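Input: a single structure, listed below in structure tokens.
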Amino acid sequence: MVADDSDYSDNEIYDEVWPEDYFASDVEDCSLEALDLNDPSPAELVPIEILRKIVEPLGLRDRCSLSLVNRAFRKAVQASTWHVHRLAITSNEEDVPRNRSVMELSSRGIVLPPFSLQRRNAAHKWSVRDSGIEFLLGHLVNFLLGP
Amino acid sequence: MVLITLVSSDEQNFPVERELLKQSGTIETLIVNMNLDDEDTDAAAMPIPLPNVKGDVLEKVIQWMEHHKGDPVKEGDNEDNNAEIVVPQWDDDFFKPAMYGSKHLELTVAASYLDIKNLLTLSCKAISNTFKGKTGPQIREEWGVPNEFTPEEEEAIRKENEWSE
């Protein structure tokens, strides 16, 4: 098969020089300063999506522990989503349309306003355990009743 | 068998079986768009530069793709509930030598850049597993992460979190 290259010049196809931005990563818009780990070199940039993928399988206590590791993980914890069966519960409105489960069951998608972990009140005290759902119910109660 | 050459950021060449590269959304799109797997064109001989992936990391990625050759490739956004994903024994052993090191994170970032969804998911889950049951300072110590927080900030975060204990 011969490629249809009628729209291109030979140089564009065969000069073995790729456009400078062809492979450019587009992580700038969603990146955080990442773990320095064992590398003493300047901190790399790790997309927040990766940090969130690391955070999201974890329960409440582990997420709280991670928020103490460094600022990047703290932000990832704050932006993370909870998956409870087919529900996606998140403080990130952008997450909802991208989530397959929520797209299939749109009426079950819940978006919580941004919240911080320090909102302590009676509703939290009885509800929080390391399973995630109690944590979210606590925030829902808070959200519905106000601060 | 069609071989396609990948070139890492440190200019190491890796001839890779074309079939394996179907696991990488980034490379697959490039191959299809540029007819790089069409042996009748000069384009087939063109190496693919990957300036964001170092040679030693790319070698690990290829090793992982070789083991997972023929596995179904996930399509679209990977929005699975990662909490339910179990890292298979082979993958767990594969990640272990890199645990608690920047190499594991580099491998994860490369998986994201190359859009290898299964590798990204498993690698992230393997990292998550190492965090379970650990305190923030323990994780920092194991991963060699410097403490960015002032004592006051750290105390404030602890107070934010103490209701969860």
- Item | Flagged links, alpha-carbon separation over 19 Å, of B:K69/B:K132; B:K54/B:K74; A:K75/B:K159 | B:K69/B:K132; B:K54/B:K74
- Message: Can you tell me which of B:K96, B:K69, B:K134 moves the most in a GNM of chain B? Springs connect C-alpha atoms under 10 Å apart.
- Response: B:K134
- Message: I'd like the per residue volume of the convex hull spanned by the Cα atoms of chain B, given in cubic angstrom.
- Response: 145
- Degrees separating the helix B:55-67 axis from the principal Cα axis of chain B, which is the longest one: 80
- Task: Show the residues, 5+ positions off or on another chain, whose built amide H is closer than 5 Å to the amide H of B:L6.
- Result: B:F14, B:V16, B:I48
- Under-5 Å amide H pairs with A:V46, H placed in peptide plane, nonlocal only: A:L32, A:A34
- Query: So what are the ³J(HN,Hα) numbers for the stretch B:104-117, from phi and the Karplus equation (6.51, -1.76, 1.60; θ = phi - 60°), rounded to whole Hz, Gly and Pro as x?
  - Reply: 5, 5, 4, 5, 5, 5, 5, 4, 5, 4, 7, 6, 9, 4
- Note on the structure: Footprinting proxy, B:F131, A:F73, B:F94: sorted fewest to most Cβ within 10 Å, the residues are B:F94, B:F131, A:F73
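Every read-out reported here was derived from the displayed coordinates using simple, explicitly stated rules and does not represent laboratory data. Keep in mind that this is a model prediction, so the values were computed, not measured. Methodologically, a virtual Cβ is constructed for each residue, glycine included, from the backbone with ideal geometry; neighbour enumeration extends over all protein chains shown.
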